[in-house]
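A.B. asks: Pasting a structure here, questions to come.
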Amino acid sequence: MIDKSLSLVERILKLKQERNAVILVHNYQLGEIQDIADFVGDSLGLSQNAAKTKADVIVFCGVHFMAETAAILCPDMTVLLPDRHAGCPMANMITPEQLRQKKKELPSASVVCYINSTAAVKAESDICCTSANAVKVVESVANDEILFVPDQYLGHYISTKVNKKMHFWPGYCPTHARIQPQDIIRLKEEYPNAKVVVHPECRPEVIALADEALSTGGIIRYAQREDVRELIVGTELGIIHRLRKENPGKKFIPVSEQAVCPNMKLITLEKVLWSLEEMRPVVKVPERVRLRAKAAVDKMLATV
Ligand code: 13P
Ligand code: SF4
């Protein structure tokens, strides 16, 4: 029986222990969620962590495809997503039927899918990638013709780094698409000594103005560099919490106050507690899909 006099956070941590659970948290989550995490990271770090955890339960504080990836990798664990409506609009911009059709049109291309995709789309793909390893994964594919789904902007970014024929699916992240070149130009004028990092889900015109395009984990590491004192950050606002917490004395300037992913913000402390109490919503992948999706994810994990 949970003691109701305990604070919300204490109740979560107590129940977490009783359930033998781990709390995995994406870099865009609310600050108070990041603060109760066993691990905070990007999609690659989160899937690597899920793959090696010995817990019975994973509480996934992120969006659906991330919890689904954990369920693909850990079929014997209970994977909880504290709000089942926390989806990723980009992941839903391609269906497995659409991908099958496109594969028929491009029979000689290998399919690389961004991890921001459904399990059913991963199951139709040759290999998966995240923003942290996308260039490396595409380079690792023996074929010189690639169909990249669903993020056209990440796909375009990769195509500037590799010498392959690439076809893009017209998906995009609505949050990163809000970031405009003018936002960066204005801040560069205001902070002439600042470095600029953006996520590769940004538009090509935005990436062209940045010093680096990096995954959220890459941005966290970049901020630790000695020569970085002021950083203009072109990605979802949630990352600013961790950047400031881990780098006191440095200045972090978000590119746009509009860059908020409403789905990431659906997870709250109350929902984390409720989810551990009720042991739901559970994310599970049908075994036939899971095995094929796992092959694409395993190939990625073996490449990086
Ligand atoms: P990262 O893997 O870089 O954390 O990105 C995930 C994501 O959803 C970006 O919008
Ligand atoms: Fe999806 Fe964009 Fe939100 Fe990332 S920020 S989860 S890509 S909608």
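A.B. asks: At 0.36 nm per residue, and after removing the present C-alpha to C-alpha distance, how many nm does the segment from Asn163 to Glu230 gain when stretched out fully?
C.D. replies: 20.7 nm
A.B. asks: Can you list which of the trypsin sites (Lys or Arg not before Pro) found in the range 1-74 are DSSP loop residues with at most 10 other C-beta atoms within 10 Å?
C.D. replies: Lys4, Lys54
A.B. asks: Something else: Given a 1.4 Å probe and every protein chain left where it sits, what share in percent of the accessible area of the chain is carbon and sulfur?
C.D. replies: 50 percent
A.B. asks: A further question on this structure: If Lys and Arg each add +1 and Asp and Glu each add -1, what is the summed charge of the other residues whose beta carbon sits under 15 Å from the beta carbon of Lys164?
C.D. replies: Computed value for this residue: -1.
A.B. asks: On to the next question. Report Rg/Rh for the range 25-163, rounded to two decimals, where Rg is the Cα radius of gyration and Rh the Kirkwood radius.
C.D. replies: With Rh from the inverse mean 1/r over Cα pairs, Rg/Rh is 0.99.
A.B. asks: May I ask for the percentage of alpha-carbon pairs in the chain that lie more than 28 Å from each other?
C.D. replies: I get 39 percent for the Cα pairs in the chain exceeding 28 Å.
A.B. asks: If you don't mind, another one. Output the Kirkwood hydrodynamic radius of the range 111-172, Cα pairs only, in Å rounded to one decimal.
C.D. replies: 11.2 Å
A.B. asks: With N residues in the range 123-241, what two-decimal value do you get for its Cα radius of gyration over 2.2 N^0.38 Å?
C.D. replies: Taking N as the residue count of the range 123-241, the ratio is 1.11.
A.B. asks: Additional query: With each pseudo-label sitting 7 Å past Cα toward Cβ, what's the Lys54-Glu277 distance in nm, one decimal?
C.D. replies: With each label placed 7 Å out from Cα toward Cβ, I get 3.1 nm.
A.B. asks: Rounded to two decimal places and with Rh computed the Kirkwood way over Cα pairs, what is Rg over Rh for the range 252-304?
C.D. replies: Dividing the radius of gyration by the Kirkwood radius yields 1.16.
A.B. asks: Could you state how much accessible area Tyr172 has, in square angstrom rounded to the nearest 10, with a 1.4 Å probe and all protein chains kept in place?
C.D. replies: Approximately 90 Å² for this residue.
A.B. asks: Using alpha carbons only, what's the Rg to Rh ratio of the range 14-53 with Rh from Kirkwood?
C.D. replies: Here the Rg-to-Rh quotient is 0.98.
A.B. asks: Pairs to check: Lys164/Lys299; Lys102/Lys164; Lys136/Lys294; Lys52/Lys245. Give those whose C-alpha atoms are more than 22 Å from each other in this structure.
C.D. replies: Check vs 22 Å cut-off fails for Lys52/Lys245.
A.B. asks: Each label point is 7 Å from the Cα along the Cα-to-Cβ direction; what then is the distance between the points at Arg100 and Ala295, in nm?
C.D. replies: Distance between label points: 1.6 nm.
A.B. asks: Next question. Give me the percent of Cα-Cα pairs in the range 97-142 that sit more than 13 Å apart, rounded to a whole number.
C.D. replies: Tail of P(r) above 13 Å: 54 percent of Cα pairs.
A.B. asks: Summing -39500 (n - 2.57) over the DSSP H runs of n ≥ 4 in the chain and dividing by its residue number, what mean residue ellipticity at 222 nm do you reach, to the nearest 500 deg cm²/dmol?
C.D. replies: -11500 deg cm²/dmol
A.B. asks: With the chain treated as a Gaussian network of Cα nodes joined by springs under 10 Å, which of Val137, Val255, Val162 yields the largest mean-square fluctuation?
C.D. replies: Val162
A.B. asks: Give the relative contact order (percent, whole number) for the chain; include only Cα pairs under 8 Å separated by 6+ residues.
C.D. replies: 23 percent
A.B. asks: Translational diffusion coefficient, Stokes-Einstein: compute it for the range 173-234 using the Kirkwood radius over C-alpha pairs as Rh, at 4 °C and 1.567 mPa s, and state it as an integer in µm² s⁻¹.
C.D. replies: Roughly 111 µm²/s, to the nearest whole number.
A.B. asks: Here is a follow-up. Per residue, how much accessible surface does the range 16-121 expose to a 1.4 Å probe? Answer in Å², no decimals.
C.D. replies: Computed with neighbouring chains in place, this is 36 Å² per residue.
A.B. asks: If ligands, DNA and RNA are left out, what is the accessible area of Trp274 with a 1.4 Å probe, given in Å² to the nearest 10?
C.D. replies: Rounded to the nearest 10, the figure is 90 Å².
A.B. asks: Have a look at Gln180, Gln224, Gln152 and tell me which one the Gaussian network model of the chain (Cα, springs below 10 Å) gives the largest fluctuation.
C.D. replies: Gln224
A.B. asks: Using only Cα atoms, locate the centre of the range 45-93 and the centre of the range 221-298, then give the distance between them in Å, rounded to an integer.
C.D. replies: A separation of 12 Å, based on Cα centres.
A.B. asks: Suppose the chain between Asp76 and Asn92 were pulled fully straight at 0.36 nm per residue; how much longer would it get relative to their current alpha carbon spacing?
C.D. replies: 3.2 nm
The values are calculated or read from the model by the stated rules, or taken from the named source; none is laboratory data. Everything numeric in this text was worked out from a predicted model, so none of it was measured. Here Cβ is always computed from backbone atoms with ideal geometry, including for glycine, and neighbour counts include all displayed protein chains. The accessibility values were calculated without ligands, DNA or RNA, using every heavy atom of the protein model including side chains. Shrake-Rupley method; radii C 1.70, N 1.55, O 1.52, S 1.80 Å.
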